[in-house]
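One structure is given here, and the rest of the page talks about it.
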Amino acid sequence: MTGCIACRISPRPHLSTTIQHDGHFPTKRVRIRSQAMKPTDDRGAVAITGSSTGIGKVCALHLDAIGFTVFAGVRNQGDGDALRSEASERLTPILVDVTKADSIASAARTVASAVGDDGLHGLLNNAGIVVSGPLECLPIDELRRQLEVNVVGQVAVTQAFAPLLRKGSGRIVNMGSDCGQIAAPFLGAYCASKYALEALTDALRMELRPHGIYVCIIEPGSIDTPLWNKSLAEGDRLMKTLPDEAHDLYGPAMTRTRKAATKMAQASIAATAVAKAVARALTARRPKPRYIVGHDARLRIALARFLPSRILDRLVMRSLGLR
Ligand SMILES: NC(=O)c1ccc[n+]([C@@H]2O[C@H](COP(=O)([O-])OP(=O)(O)OC[C@H]3O[C@@H](n4cnc5c(N)ncnc54)[C@H](OP(=O)(O)O)[C@@H]3O)[C@@H](O)[C@H]2O)c1
């Protein structure tokens, strides 16, 4: 038997919150190191949005495998059943569309009744879409849709789950992107959403820290998920709706950017790297405000931080095959 006496008397806080530990200190052996994270019986409950595919799905399965009780947000029963079949019995799919107040409220109620007084150990705001296209011609409703899912939806979900996180001295992990630190042409709407998420994360981190809730953001580079194909298809669909003038102005540049994006997708890394960063954010004794994932993201974020804007613009344009 390892750990402190309080844990032996009441194992629940120790197992569910290796970090918060309800005021008593774990000995060195009971601290869970994220690098060698072993499955334990119960690390507490986490809710995730957008778990049907990609990063959200891999995170749900990884967190389930290392001992979290996962409430995996999906938008239809079929995706929930598919996820369920790959996970342990602890994982429960919940229906949640982050743009629908009723759906969010109902998901929060389901989780509240399941976790009871233990509350939530974590909320992973992961759901996201990419709207691409030249800003000059982008239909304003498309910009609204981008911000509704990637920004407003994240705040709405956070508000609904905050009482449960407060009960569980939990953590909020937002799924940002390196696009939240460095913008790219024809991805203005998406980059704006991720820049906004950075600001929201920073503000929330300061607002909620006195309440015992840590808030951090994951900043992945290119990750191998269906998002790439979805965004290329969406971009193509959007271009078809644009007038001839837009094609004359932006067609060739869009074609080059599309080619560059296809190459980037081919060089993307597996989503497990993101899942490991999320697990670190949820279990580290003192989580970092930001977790960058991938060499490409590390490089881009460093360049954005240190290079003058005009030089950075040129580099970004050149990397997309643009002049
Ligand atoms: N892939 C990358 O290279 C990369 C890099 C940096 C950051 N990210 C971020 O990682 C997150 C996940 O993206 P991904 O790459 O894993 O893409 P993905 O496979 O397309 O997953 C997106 C998820 O969001 C869900 N979603 C979309 N709209 C939603 C809504 N209104 N309500 C609830 N869920 C909704 C999707 O559900 P449905 O299946 O029902 O549509 C899906 O589960 C996003 O926030 C993205 O910006 C991705």
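The values are calculated or read from the model by the stated rules, or taken from the named source; none is laboratory data. Just so it is clear, the structure is predicted and the values come from calculations on it, not from any experiment. Every residue, glycine as well, gets a Cβ built from its backbone with ideal geometry; the counts of neighbours run over all protein chains shown. Please note that ligands, DNA and RNA were not included when accessible areas were found on the heavy atoms of the full protein model with its side chains. Shrake-Rupley method; radii C 1.70, N 1.55, O 1.52, S 1.80 Å.
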For the range 44-319, accessible area per residue (1.4 Å probe, heavy atoms of protein chains only), Å²: 46
Farthest positive-ward along the chain dipole, Cα basis, beta-carbon charges - from Ile182, Gln159, Ala112: Ile182
Mean-position separation - Cα centroids, the range 77-95 and the range 266-305, in angstrom: 26
FRET efficiency estimate (nearest 0.05) - Cβ-Cβ, Met264 to Arg166, R0 30 angstrom: 0.15
Per principal axis, descending, Cα span of the range 201-323 in whole Å: 55, 33, 28
Rg/Rh (Cα only; Kirkwood hydrodynamic radius) as it applies to the range 145-200: 1.07
Cross-link table Lys194/Lys276; Lys167/Lys230; Lys100/Lys288, entries beyond 27 Å C-alpha to C-alpha: Lys167/Lys230; Lys100/Lys288
Tail beyond 20 Å, pair distance distribution of the range 135-257 (Cα, percent): 51
Label-to-label distance, nm, for residues given as Glu86 and Thr272 (7 Å Cα→Cβ offset): 1.3
Label point distance in nm, Met206-Asn76, each placed 7 Å from Cα along Cα→Cβ: 4.3
Full-stretch length increase - Leu307, Lys100 - with 0.36 nm per residue and alpha-carbon distance subtracted: 70.5 nm
Cys179, Cys59, ranked by accessible area, largest first (probe 1.4 Å): Cys179, Cys59
Accessible area in the full protein assembly, largest first, 1.4 Å probe, for His295, His62, His121: His295, His62, His121
Charge dipole (debye, nearest 20) of the range 44-319; +1 at Cβ of Lys and Arg, -1 at Cβ of Asp and Glu: 980
Kirkwood Rh in Å, taken over the chain so that all alpha-carbon pairs contribute: 20.5
Reciprocal mean inverse distance between Cα atoms of the range 238-304 - Kirkwood radius, Å: 15.2
Among 259-272, 184-197, the order from most to least packed when residues are scored by Cβ within 10 Å on average: 184-197, 259-272
Portion, in percent, of the accessible area of the chain that falls on carbon or sulfur, probe 1.4 Å: 56
Using a Förster distance of 45 Å, the FRET efficiency for Ala114-Leu299 (Cβ separation, nearest 0.05): 0.60
